[in-house]
Amino acid sequence: MKHCYVLLSILLLLSQLAAAQISLDTVARPSPITLYGYIDGYYGYDFPHPDNTSRPGFFYSHNRQNEFTVNQALIGLRYDDGNIRGALGLQAGTYPEANYAAEPTLLRSIYEAYAGFRPLKKTWLDIGVFGAHVGFESAISKDNWTVTHSLAAEGSPYYEAGARFTYEASDKLTLTALALNGWQNIRDNNRAKSVGTQVQWRPTEKLLFNYSTLFGNEQPQDSVRRFRYFHDFYVTYTATSRLQALLWFDIGKQEKRRPDTKDDTWHTTAAIVRYQLAPQWFVAARGEYYYARNGVVVRDLGPTPNEPDYFVRGGSLNFDYRPNKHVLARLEGKVLNARNPIFANTDGAFRHTYGNLTSTIALSF
């Protein structure tokens, strides 16, 4: 905790320097330094209603219920003068507590920390910790179309550490290649590196196509090597100024543990439609499913053949109220159904069906 205080003090000092820089800049030359912040306070309630305050273990964001708490409190600085860029963001809350549990204590406070420059025109080379290149949803809930994250997002990386090379081929096409410490790892757990790619193509202002990959050995240092192959596809379509749609599909495979077994595979789909009811009101509906043989990735990085498959499907309905550009109030109801009884009941037994309500108020600047 002492290290967190030191980092926060450095960040606050840098923010004061940024403010001083901004005051000296002229209107014609805006400052390359940006200070940003975000707080996401929430309360959730589950059905059935367990005695504890934890939601199912495959939820990492908004993962508490019957408790007023903070999902993510974030403050950071970004620098970008067109040729050099970097960022430092520090976080706290139930999201980093759950999702960074495998990281060393000091590193759990890092939301982003990277430095980069343009080695060639239209290219960037960044090294450090940054948001994952896979998936439509980011860790910052307010930037997503729904309060809680999709099963696809909860079952794939939110962050990564490594080197990222980006080529801005045109205003419609961006290509990215990455060398990473692993599947959502800041600290490398096996001294092997993973590689990733991303292609983003925007043929029109209304359409965006994304295809990302991630490949590597994700087993711990003392385990047998088992390569993992992951493909992430999504497309967004802005039908009108008020109507947006998303279709998302992920598929992955991890090599089998023994010759007499099958590879562990998983696939997931999410479809979301978002509509602006009025200038300050939005509604979003989501349908989704997630299947993982033997619970690979979702429950266990290296599952045994006799572990039950994970198959969950469901839907949610989300309402947003945005009184101004800095505040967002949200309410979501979600219902999930599992093939196997995996949701804890109030009597200690397990059931197939689960539901929750989640309300949040987010402040950002």
| query | Y289 fails exactly one of the following numbered conditions: (1) touching a helix residue (DSSP H, G or I) at 6+ places or on another chain (Cβ under 9 Å); (2) surrounded by 15 or more Cβ atoms within 10 Å (Cβ to Cβ); (3) farther than 30 Å from A329 by Cα. What is the number of that condition? | reply | (3)
| field | Where T238 falls short, out of the listed (1) exposed (fewer than 15 other Cβ atoms within 10 Å of the Cβ); (2) closer than 21 Å to P203 by Cβ | value | (1)
| request: Filter the stretch 135-171 down to the residues that are more than 20 Å from K206 (Cα to Cα) and over 17 Å from the mean Cα position of the chain (by Cα), then identify the one that is surrounded by the fewest Cβ atoms within 10 Å (Cβ to Cβ). | output: Y167
| field | Subset of the stretch 305-329 (residues that are open to solvent by 20 Å² or more (accessible area, probe 1.4 Å), assigned to a strand (DSSP E or B) and among the polar types (S, T, N, Q)) | value | N324
| field | Top-ranked residue in the stretch 26-77 [being of a type in the set (G, A, S) and modelled with pLDDT under 95; ranked as farthest from F311 (Cα to Cα)] | value | A28
| request: Starting from the stretch 118-129, keep only residues that are exposed (fewer than 15 other Cβ atoms within 10 Å of the Cβ), then list their pairs with residues that are assigned to a loop (DSSP other than H, G, I, E, B) and not aromatic (F, W, Y) whose Cβ atoms are within a distance under 6 Å, requiring at least 6 positions of separation or different chains. | output: L125/P119
| message | Given (1) in contact with a helix residue (DSSP H, G or I) (Cβ under 6 Å, 6 or more places away or on another chain); (2) open to solvent by less than 60 Å² (accessible area, probe 1.4 Å), identify the lone condition not met by L106. | response | (2)
| How about the stretch 48-103: which of its residues are open to solvent by 20 Å² or more (accessible area, probe 1.4 Å) and of a type in the set (S, T, N, Q)? | N52, T53, S54, N63, N66, T69, N83
| remark: Going through the stretch 257-304 in order, the residues found to be part of a loop (DSSP other than H, G, I, E, B), touching a strand residue (DSSP E or B) at 6+ places or on another chain (Cβ under 7 Å) and over 26 Å from Y237 (Cα atoms) are D263, V297, V298, R299, P303
| Name the pairs: first residue in the stretch 208-237 and polar (S, T, N, Q), second residue modelled with pLDDT under 95 and surrounded by fewer than 16 Cβ atoms within 10 Å (Cβ to Cβ), Cβ to Cβ under 7 Å, at least 6 apart or on different chains? | N217/A192; N217/R225; N217/F227; Q219/R225; Q219/G302; Q221/R191; S223/G302
| request: May I ask you to verify whether R299 is within 20 Å of the chain's Cα centre (by Cα) and open to solvent by 70 Å² or more (accessible area, probe 1.4 Å)? | output: yes
| task | Give me the pairs, please: first residue somewhere in the stretch 339-365 and over 26 Å from R293 (Cα atoms), second residue anywhere and open to solvent by 40 Å² or more (accessible area, probe 1.4 Å) and basic (K, R), beta-carbon distance under 7 Å, and either six or more positions apart or on two chains. | result | A362/K142; S364/K142
| task | Among the numbered conditions (1) open to solvent by 30 Å² or more (accessible area, probe 1.4 Å); (2) within 18 Å of F365 (Cβ to Cβ), tell me where E112 comes up short. | result | (1)
| query | Which of the residues spanning the stretch 47-85 are small (G, A, S) and either out of contact with any helix residue (DSSP H, G or I) (no Cβ under 8 Å at 6 or more places or on another chain) or not in a loop (DSSP other than H, G, I, E, B) (or both)? | reply | S54, G57, A73, G76, G82
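The values are calculated or read from the model by the stated rules, or taken from the named source; none is laboratory data. Computed from a predicted model, the values in this text were never measured in an experiment. So basically every Cβ, Gly included, is an ideal-geometry build from the backbone, and we count neighbours across all protein chains shown. Only protein heavy atoms, including side chains, enter the accessible area calculation; ligands, DNA and RNA are left aside. Shrake-Rupley method; radii C 1.70, N 1.55, O 1.52, S 1.80 Å.
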